[in-house]
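The block underneath contains the structure these notes are about, expressed in structure tokens.
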Amino acid sequence: MALFKRSSHTFALIAACVTAAITPIGIAAQNPARAAAPVPVVDASDLHQPTSFDEGWLVEAGDNPAWADPHYDDSQWRRFNARTDSLHTLFRAQRPEIVWYRLHMTVAPRDTGLTMEEYSLGSAFEIDSNGVSILRVGSVRPYSACDLNAHLLAAIPRDQIASGQVVIAIRAHISATE
């Protein structure tokens, strides 16, 4: 799904996460009875090698531009483990056209060169870091597909790293073939 670089080191935010997340087929109505829970925060402050984060993701079906805002309250979103979960099981009855993923991370403010690598995420998606666009592929709406097998890198803005907190928000179109 994504890759970050810390100085000369890199950490992957999971190539498998979004691949696993977007491949599912059915999606269900959201459960209005979901209780708010503390939002998971991934500790990415001491990485020394590429690292995949399978846990810590939040997912929501639908489309709302406010979901890219790092201050948006996503405490009622569904927890998503890229290794074990699928959209098909999280959203059983309905198949959404657009799904959002969010990951809250603590990073070391002294780090530089933090980048994110993406591959096999989907044929149309947008990635924001703390509300700032860092990568766009294809068009989510209106839908226009691009190659889903490209390896792409996007830099996390230095001022965001200096803040010590980064929220990655991914808006992905799910086509009938994904």
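If E126 satisfies all but one of (1) closer than 21 Å to P40 by Cβ; (2) touching a strand residue (DSSP E or B) at 6+ places or on another chain (Cβ under 8 Å), what's the number of the condition it fails?
All conditions pass for E126, except number (1).
Which of the residues belonging to the stretch 44-83 are out of contact with any helix residue (DSSP H, G or I) (no Cβ under 8 Å at 6 or more places or on another chain), under 21 Å from E118 (Cβ atoms) and of a type in the set (S, T, N, Q)?
Q49, T51, N81
Output the strands (runs of 3 or more DSSP E) that fall wholly within the stretch 70-178 and possess 3 or more residues being buried (at least 20 other Cβ atoms within 10 Å of the Cβ), or say none.
Per the criteria, 98-107, 115-118, 125-129, 165-173.
Kindly establish whether R136 is in contact (Cβ under 8 Å) with a residue 24 or more places away in the chain and closer than 22 Å to D69 by Cα.
no
So, G113, is that one at positive phi and modelled with pLDDT under 85 or not? So that I can check it myself, show each step before the final result.
On the way: at positive phi: yes; modelled with pLDDT under 85: yes.
Judged against the criteria, G113 is a match.
Can you confirm whether A124 is within 17 Å of the chain's Cα centre (by Cα) and over 15 Å from V59 (Cα atoms)? Step through it out loud before you land on a result.
Numbers: within 17 Å of the chain's Cα centre (by Cα): yes; over 15 Å from V59 (Cα atoms): yes.
In short, yes.
Do we have G138 as over 18 Å from W100 (Cα atoms), small (G, A, S) and more than 14 Å from the chain's Cα centre (by Cα) here?
On the way: over 18 Å from W100 (Cα atoms): no; small (G, A, S): yes; more than 14 Å from the chain's Cα centre (by Cα): yes.
Here the answer is no, as G138 does not meet what is asked.
The values are calculated or read from the model by the stated rules, or taken from the named source; none is laboratory data. Source: prediction; values computed, not measured. Using ideal geometry, Cβ is built from the backbone for each residue, glycine included, and neighbour counts are taken over all protein chains shown.
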